[in-house]
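Worksheet for the structure shown next.
The values are calculated or read from the model by the stated rules, or taken from the named source; none is laboratory data. Fair warning: this is a prediction, and the values are worked out from it, not measured in the lab. All Cβ positions, even for glycine, are placed from backbone atoms using ideal geometry, and neighbour counts span all protein chains on display. Ligands, DNA and RNA are stripped out before the accessible areas are found, and what is left, the full protein with its side chains, is counted by its heavy atoms. Shrake-Rupley method; radii C 1.70, N 1.55, O 1.52, S 1.80 Å.
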Amino acid sequence: MAKVFVSEDNLSLQRINEKCIDCGACLQTCTQFNHLAPNDCVNCGQCILTCPMGALVPKYNYKEVFANIHDEEKIVVVSVAPAVRVSIGDEFGFLPGEFLEKKLVGALKALGFDYVFDVTYGADLTIMEEATELIKRIQNKGVLPMYTSCCPSWVEFMEKYYPEDLEHLSTCKSPIGMQGAIIKNYFATLKNLNPKDIVTVTIAPCVSKKTEIKKAEDNDYVLTTSELAMMLREQELDLNKVEEENFDTLLGSGSGAGVIFGTSGGVMEAALRTAYFLLNKKEAPLKLLNLQSVRGKENFREAEVDLGLIKIKVAVLYGLDAVQKMYSTLSCYHFIEVMTCPNGCIGGGGQTVLPKQKQGVYIDARSKSLYEEDKVKTKKCSYENEEIQEMYENYLSSPLSKKAEEILHITYEDKSNVLKATE
């Protein structure tokens, strides 16, 4: 039976040929979930999670990261994505979705990283830029709908399949892109460090991020949740026994809005909370802090949202199959969140491989855990993040400033020729 084509130069995933039994499970996953052209790949890694033999795996980079940790001339900075803290426990016998932020930080410090930061900082920064961009487009009659740009597989899909519509994508880098840019620029300046001596590493639930970081020079390595588990085992570190620690300051603080980035609908909800504040100059109302209309497990959700001065129509989708089926009907919305993986990043291809019948239970538990953390956070909106406020005041001035545009935003390219080459 045919199987998914994985080129040797794929930066995100690889096939261990001696393990492959040509069962076709990978192709079935790709066909059903993404409906892509033959031999095309957007690096989502969902095939990894359904391969019964473990023949498909992330492209491993953790040995290189270890080498940098052991290089005394390098300052190795690691940042952790929201979805990892509710999934790393799957590898060490914890309950599904258990929130393990402090244990995770302790484990990373035990591995030898010099600084451990939280990607929810980058998520809050993304929201400040993205919400401002959305309001600007609406008020200035700019290109709408505006699509989110956090998911690299979705962005690559647009570049290949709908290059004529690339101006609909937000120009914001993803949270890890912004995080890396701030580390190599703002953080380096504050600490009087040479950016060339800083090695940035992100722990993510996503294999596609490995390809994404090659578009810019913001990040050096992305490791998946499953790779982190391999690192811990090789160093004989048991997550059950490591000491709990807190993220390092400066880029260690994130709002509840930043936390829910890890689940489908979270980016939308986070952006609307801040958009309301930017429009009305007052705190977002309670209804925007628990926006049930954009939450849920369905692969398509829509809502009309009252932002005070304006009302907008929004939609949330996951799965490229769903996007393709509905694409021609999406022009009626102002703002659309798209994620490639089931229920967003919590279902990413870099997560722990689980029995198929258990995957839904674990994904639901991860989502619930992130929303529970948002519920107990004292700061639930990105604009409330004091570290973000301080950074704008001392470094970027304001969202969409000249400097912000320079280091936090990105342009896209028409890749339809790559698609034609695979036909």
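Some values worked out for this structure:
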{"item": "For Asp414, solvent-accessible area (1.4 Å; no DNA, RNA or ligand), Å²", "result": "90 Å²"}
{"item": "Accessible solvent surface per residue of the chain, calculated while the other protein chains remain in place, 1.4 angstrom probe, Å²", "result": "41 Å²"}
{"item": "Placed amide H near Lys415: partners under 5 Å, 5+ positions off or other chain", "result": "Lys160"}
{"item": "Placed amide H near Gln14: partners under 5 Å, 5+ positions off or other chain", "result": "Val57, Lys59"}
{"item": "Solvent-accessible area, 1.4 Å probe, carbon plus sulfur percent, for the range 318-370", "result": "57 percent"}
{"item": "Solvent exposure, largest accessible area first (probe 1.4 Å, DNA, RNA and ligands not counted), of Leu317, Leu11", "result": "Leu11, Leu317"}
{"item": "Percent RCO, i.e. relative contact order, over the chain, from Cα pairs under 8 Å lying at least 6 residues apart", "result": "25 percent"}
{"item": "³J(HN,Hα) computed for each position of the range 44-57 - Karplus, 6.51 cos²θ - 1.76 cosθ + 1.60, integer Hz, glycine/proline x", "result": "5, x, 4, 5, 4, 6, 10, 6, x, 10, x, 7, 9, 9"}
{"item": "Area of His35 that stays accessible when all protein chains are in place (1.4 Å probe, Å², to 10)", "result": "90 Å²"}
{"item": "Mean Cα-pair separation over length for the range 1-108, i.e. relative contact order, pairs under 8 Å, 6 or more apart, %", "result": "21 percent"}
{"item": "Counting DSSP beta bridges with both ends in the chain, the antiparallel % (nearest 5)", "result": "35 percent"}
{"item": "Net charge over other residues, Cβ less than 13 angstrom from the Cβ of Asn68 (K, R count +1; D, E count -1)", "result": "-4"}
{"item": "Rounded percent of accessible protein surface that carbon and sulfur make up, the range 1-131, 1.4 Å probe", "result": "52 percent"}
{"item": "Mean ellipticity per residue at 222 nm, deg cm²/dmol - from DSSP H runs of n ≥ 4 across the chain, formula -39500 (n - 2.57)", "result": "-10500 deg cm²/dmol"}
